Amino acid sequence: MQYIVNATFLINTIKINIGIIESIELNTIQDVIKEVEIELGIGIKNEINIKILTVRDKKNQINIPKSKHRMLSFTDLKLLKTAYKCRKSCILVTDDKQIRSIARSFQIRCYTTPLFIAFMIKNNLVSKDNGISFLSNLKEYYIRPKDIEIILKRIKKWR
């Protein structure tokens, strides 16, 4: 399974606890790396296990309606095209509602950061304690902290 991530996920993860993703390989596009490096002022390629993906196959292009283009950045469009090409074997991790809405309409599996951390816990990619700690700290930065509360309640019930 490929995990394709956007800049917000990477920025939040680096700020909260970069160690939470040390055991998995993440995938993204070069534009996302540039956004993160500009936002944080650091080079990240050597800090995390990340593979840069490119879309060259014209056959598998996603056809996003023009009316939705204005709600997405160039980077968002490229990320969606990349995820679309890999849609049968990937999870797109983004907290952007517009991207998630479009991704779902093209059968791209898409998780928010809190849902992805829950997925990692459920699949033993991260311990329950580390996942809960990460999500608790993320509440300070996250755009929808109530979503984190819901996920935390669900996780705490797991054995």
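The values are calculated or read from the model by the stated rules, or taken from the named source; none is laboratory data. Nothing here was measured: the structure is a model prediction, and the numbers come from that model. We place every Cβ from the backbone using ideal geometry, glycine too, and count neighbours over all the protein chains shown.
General remarks:
- When the criteria are applied in full, Ser73 fails the requirement of being small (Gly, Ala, Ser), touching a residue at least 12 places away in the same chain (Cβ under 8 Å) and farther than 15 Å from Cys110 by Cα.
- The single residue among Leu53, Leu92 that is touching a helix residue (DSSP H, G or I) at 6+ places or on another chain (Cβ under 8 Å), over 30 Å from Lys156 (Cβ atoms) and modelled with pLDDT of 90 or more turns out to be Leu53.
- Checked against (1) surrounded by fewer than 20 Cβ atoms within 10 Å (Cβ to Cβ); (2) in contact (Cβ under 8 Å) with a residue 40 or more places away in the chain; (3) in a helix (DSSP H, G or I); (4) not β-branched (Val, Ile, Thr), Phe134 passes all but condition (1).
- Test: residue in the range 26-33 that is out of contact with any Ser or Thr (no Cβ under 6 Å at 6 or more places or on another chain) and at pLDDT below 95: no
- Residues that are in contact (Cβ under 8 Å) with a residue 60 or more places away in the chain and part of a helix (DSSP H, G or I) were ranked within the range 115-131; the one that is surrounded by the most Cβ atoms within 10 Å (Cβ to Cβ) is Ile117.
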